[in-house]
Amino acid sequence: MTSSNPPKPALHFGQVVIGPPGSGKTTYCRGMQEFLSRLGRKVVIVNLDPANEGLPYPCAVDISELVTLDDVMDGLKLGPNGGLIYSMEYLEANLDWLESKLKHHQGSYFLFDCPGQVELYTHHNSVKNIFAQLSKWNFRLTAVHLVDSHYCADPAKFISVLCTSLSTMLHVELPHVNVLSKMDLIEQYGKLAFNLDYYTEVLDLSYLVEHLSLDPFFKKFHHLNLKLAEVIQDYSLVSFVPLNVQDKESMTQVLRTVDKANGYCFGDLEERNLQAMMSAAVGADFQFSTTLSVQEKYMEATGKTVEDEVMDL
């Protein structure tokens, strides 16, 4: 008597787009869909945000068919945060609905547009469990975590962003790419204290802590900020890829990083460039020249040498 094993689900690749409210997740999904379509990939967007109304992109699967934030808030008398948490718990309890919807899009590349609530990705388990189930359905996903680039202009906010990004990476348990979105607005709220690569590569944070202590309000929290910086550097996991959705080179850099993270670049779904594959295989991904070109494009030149910047500190 022979036992037949159930057929293995088809392999799917995709991105789960996460981040705080207003970081540009929906705009990113729209831009990435258009960009990938021009490359010849068959792309579908899955809206998992029950608060997303008036979607700017064609949506293949929409959570609003299962639950909406307004209905939850009205029916259970919850606020927006509690309503989003309940909605994700409801989706987790009805994953068969999601599975049946996704089965209609075999052979597609998936973009999951997720809710903009930080707690869902730092310590609540529903979204984490949903991602884990997608992995069991043979989805190779990369978490694309978007944060506003203008936070770099405020040292306190940047340290907060680093803590949030690290916590999200550890909790979600997926290949992870942190993205500084809206690069064209990076100096909207002030000039950066350091070059852009200092922020994208998260270099020695002691300089940033010292810069922060120049503010009388934050000086009394110097020891706390120093310990937070030590935690971030001890893990040594957080780095960022700069992004302007309207810039083709910027989108290409993000896509290469994502494809490397989830293994798409090693597949045979598209004609591959051998040099790009070997670069991904050995981890030779030098982004200094890319970061430098982004800095020249979006940041005002200071005209200072490295020695001048050190003397300023």
Counting only residues in the stretch 15-58 that are surrounded by fewer than 17 Cβ atoms within 10 Å (Cβ to Cβ) and of a type in the set (Gly, Ala, Ser), the one farthest from Asn262 (Cα to Cα) is identified as Gly54
Subset tally (residues that are without any contact (Cβ under 8 Å) to a residue 40 or more places away in the chain and either surrounded by 13 or more Cβ atoms within 10 Å (Cβ to Cβ) or not small (Gly, Ala, Ser) (or both)) for the stretch 218-246: 11
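Please indicate, with yes or no, whether at least one residue in the stretch 138-150 is of a type outside the set (S, T, N, Q), without any contact (Cβ under 8 Å) to a residue 24 or more places away in the chain, more than 17 Å from Ser167 (Cβ to Cβ) and open to solvent by less than 30 Å² (accessible area, probe 1.4 Å). Spell out how you get there, then give the answer.
Filtering the stretch 138-150 for residues of a type outside the set (S, T, N, Q) gives 139-141, 143-148, 150.
From what is left, the residues that are without any contact (Cβ under 8 Å) to a residue 24 or more places away in the chain are none.
No, that holds for no residue.
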Can you name the number of the only condition in (1) touching a helix residue (DSSP H, G or I) at 6+ places or on another chain (Cβ under 7 Å); (2) at pLDDT 90 or above; (3) more than 24 Å from Arg256 (Cα to Cα) that Ala193 fails? (2)
Can we say Leu95 is open to solvent by 20 Å² or more (accessible area, probe 1.4 Å), over 26 Å from Thr168 (Cβ atoms) and not acidic (Asp, Glu)? no
Name every residue in the stretch 179-226 that is under 22 Å from the mean Cα position of the chain (by Cα) and either among the small types (Gly, Ala, Ser) or in a helix (DSSP H, G or I) (or both), in order of residue number. Ser181, Met183, Asp184, Leu185, Leu196, Asp197, Tyr198, Tyr199, Thr200
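Please go through the stretch 98-109 and pick out each residue that is surrounded by fewer than 16 Cβ atoms within 10 Å (Cβ to Cβ), among the polar types (S, T, N, Q) and touching a residue at least 40 places away in the same chain (Cβ under 8 Å). Before you say what the answer is, go through the steps one by one.
From the stretch 98-109, those surrounded by fewer than 16 Cβ atoms within 10 Å (Cβ to Cβ) are 99-100, 103-104, 106-107; that's our starting set.
From the residues that got through so far, the ones that are among the polar types (S, T, N, Q) too are 100, 106.
The answer is Gln106, and nothing else.
Which one of these is touching a Phe, Trp or Tyr at 6+ places or on another chain (Cβ under 8 Å) and in a strand (DSSP E or B): Val72, Val161, Val144? Walk me through how you get there before you give the answer.
Details: Val72 fails: in a strand (DSSP E or B); Val161 fails: in a strand (DSSP E or B).
On inspection, the qualifying residue turns out to be Val144.
With the condition kept exactly as written, say whether any residue in the stretch 210-217 is hydroxyl-bearing (Ser, Thr, Tyr) and surrounded by 13 or more Cβ atoms within 10 Å (Cβ to Cβ).
Of the residues in the stretch 210-217, the ones hydroxyl-bearing (Ser, Thr, Tyr) are 213.
So of that shortlist, the ones also surrounded by 13 or more Cβ atoms within 10 Å (Cβ to Cβ) come out as 213.
Yes, some residue in the stretch 210-217 is hydroxyl-bearing (Ser, Thr, Tyr) and surrounded by 13 or more Cβ atoms within 10 Å (Cβ to Cβ).
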The residue that is farthest from Asp154 (Cα to Cα), considering only those in the stretch 181-209 that are loosely packed, with under 15 Cβ neighbours inside 10 Å and among the hydroxyl-bearing types (Ser, Thr, Tyr), is Ser206
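Quick one: which residue in Val72, Val61 is more than 17 Å from Leu120 (Cβ to Cβ), crowded, with 19+ Cβ neighbours inside 10 Å, over 18 Å from the mean Cα position of the chain (by Cα) and without any contact (Cβ under 8 Å) to a residue 60 or more places away in the chain? I'd like the intermediate steps shown before the answer.
Working: Val72 fails: more than 17 Å from Leu120 (Cβ to Cβ).
Exactly one residue qualifies, and that residue is Val61.
How many residues are open to solvent by 10 Å² or more (accessible area, probe 1.4 Å) and either acidic (Asp, Glu) or at pLDDT 95 or above (or both) if we restrict to the stretch 110-121? Even if it seems obvious, please write down each step before you answer.
Within the stretch 110-121, the subset open to solvent by 10 Å² or more (accessible area, probe 1.4 Å) is 116, 118-119.
Next, only the ones that are either acidic (Asp, Glu) or at pLDDT 95 or above (or both) stay: 119.
Result for the stretch 110-121: 1.
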Ser64 being part of a helix (DSSP H, G or I) and touching an Asp or Glu at 6+ places or on another chain (Cβ under 9 Å): yes
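The values are calculated or read from the model by the stated rules, or taken from the named source; none is laboratory data. All values derive from a computational prediction rather than experimental measurement. Neighbour counts are summed over all protein chains in view; Cβ atoms, including those assigned to glycine, are modelled from backbone coordinates with ideal geometry. Protein only, heavy atoms only, side chains kept; ligands, DNA and RNA dropped before computing areas. Shrake-Rupley method; radii C 1.70, N 1.55, O 1.52, S 1.80 Å.
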